Amino acid sequence: MMLDPHELARTFFVGAAAEARIVLADAFGDCESMGAASIAIGVFDGVHRGHRELIDAVIRDARVRGCKAVVVTFDPDPDVVVSPAPAQKLMTTADRLHALAQTGVDAVVAVPFTPAVASLDHVGFLELLAHVVDIRSIRVGSDFRLGRGGTSGVAEIQAWGVERGVDVYGHNLLCEAGEAICATRIRRELSLGHVELAADLLGRSYMVRGSVIRGRHEGSDMGFPTANLLVPNGIQLPADGVYEGLVLVDDTVWPAAVNVGMPPTYADDAASAHLEANLIGYAGDLYGRSVSLAFTRWLRPSRVFDSLDELIATVEGNIDDIRYNLGEQGVSIRD
């Protein structure tokens with residue numbers, strides 16, 4: 001497989017497109033209004049294909065109206081504030097904002113989701129938002145909920161809009177194989193190890209970022225050193241198993257064999273990593289570095305091996321498979 005630098009840049013949100021302005025609405029009353037705008041409101045975890053279809057509609061609407069196209073989202077995801085057991089996230093807030101800023105909109109407004117904001121009804125929230133944008137139209141998913149306790153849906157927001165001359169649209173969710181594309185579905189597919197299906201729903205390979213920490217060094221002793229990644233709490237990982245992947249180091253992407261979960265053979269070793277990657281063709285010390293990892297293909301489940309020789313032979317076979325598919329050279333994504 002020939003790795004496309006432009007596709008890789010899009011996967012890792014690096015130089016993929018010109019970024020819109022990101023506005024942190026930390027004090028609504030002190031924010032300078034950006035003028036008339038058609039807006040999309042949502043969390044947009046994953047910025048998946050369904051999200052982008054909705055955002056594309058906002059951009060078209062804004063161009064017809066001669067105003068700005070703006071995405072309004074929240075920091076953090078409201079689920080983190082109001083739920084006793086928040087779901088794992090597909091992206092960090094920083095990646096979510098950068099991905100949204102690369103969709104072609106004119107600006108992204110990030111609303112700090114505090115308990116005070118959570119206590120507002122939809123009218124109170126939209127009136128606050130009016131300090132930042134002169135709202136001409138609103139587009140949301142048909143299942144969108146807004147306001148204290150999620151009590152207001154599209155019908156309530158439309159009623160607010162009628163009183164103020166604001167057009168409000170509830171978009172049917174984009175479906176794939178008879179089921180809506182949503183963050184919950186993507187998390188489920190990842191939890192089953194279906195990284196290729198998750199990539200189809202996302203429109204790109206699933207990616208996480210992490211810091212390289214020291215591990216048990218068994219890989220180095222066996223001839224295939226691994227980078228042990230520590231990802232932020234609350235970020236979704238695929239099911240335990242071995243995957244083909246790609247790792248971004250600085251401006252270069254390297255093929256990698258990736259293990260997710262506690263390796264069964266070393267489960268009693270406290271230094272065993274839950275996410276480790278062998279970068280094929282890379283030579284260098286990554287300890288303490290931040291890297292990004294995209295999952296491209298499921299290879300096999302994790303298992304206990306009868307001998308060290310069997311373990312080495314299996315891992316070498318996995319690496320040969322990945323080398324055949326993705327090569328063994330780094331690919332630069334520098335602009």
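The values are calculated or read from the model by the stated rules, or taken from the named source; none is laboratory data. Here the structure is a predicted model, which means the values were calculated and not measured. So basically every Cβ, Gly included, is an ideal-geometry build from the backbone, and we count neighbours across all protein chains shown.
Worth pointing out:
- Index of the failed condition, Thr265 passing every other in (1) buried (at least 19 other Cβ atoms within 10 Å of the Cβ); (2) at pLDDT below 95; (3) outside any loop (DSSP other than H, G, I, E, B): (1)
- Number of residues in region 162-200 that are surrounded by 14 or more Cβ atoms within 10 Å (Cβ to Cβ) and more than 20 Å from the chain's Cα centre (by Cα) equals 6.
- Elements of type strands (runs of 3 or more DSSP E) in region 4-92, at least 3 residues being surrounded by fewer than 21 Cβ atoms within 10 Å (Cβ to Cβ) and modelled with pLDDT under 90: 21-24
- Exactly one residue among Ser307, Ser332 is over 20 Å from Val208 (Cβ atoms) and touching a helix residue (DSSP H, G or I) at 6+ places or on another chain (Cβ under 8 Å), and that residue is Ser332.
- Filtered by the rule that a residue be touching a helix residue (DSSP H, G or I) at 6+ places or on another chain (Cβ under 6 Å) and more than 12 Å from Gly42 (Cβ to Cβ), region 127-154 gives Leu128, His131, Arg136, Ser137, Gly147, Ser152.
- Residue, farthest from the chain's Cα centre (by Cα), within region 95-129, restricted to residues that are among the charged types (D, E, K, R) and part of a loop (DSSP other than H, G, I, E, B): Asp121
- Among (1) under 28 Å from the mean Cα position of the chain (by Cα); (2) at pLDDT below 90 - the single one Gly245 does not satisfy: (2)
- When we screen Ala313, Ala283 for residues that are under 12 Å from Trp254 (Cα atoms) and either out of contact with any helix residue (DSSP H, G or I) (no Cβ under 7 Å at 6 or more places or on another chain) or in contact (Cβ under 8 Å) with a residue 40 or more places away in the chain (or both), the only hit is Ala283.
- Of all residues making up region 87-104, the number that are of a type outside the set (S, T, N, Q), out of contact with any Gly (no Cβ under 7 Å at 6 or more places or on another chain) and closer than 22 Å to Arg188 by Cα: 4
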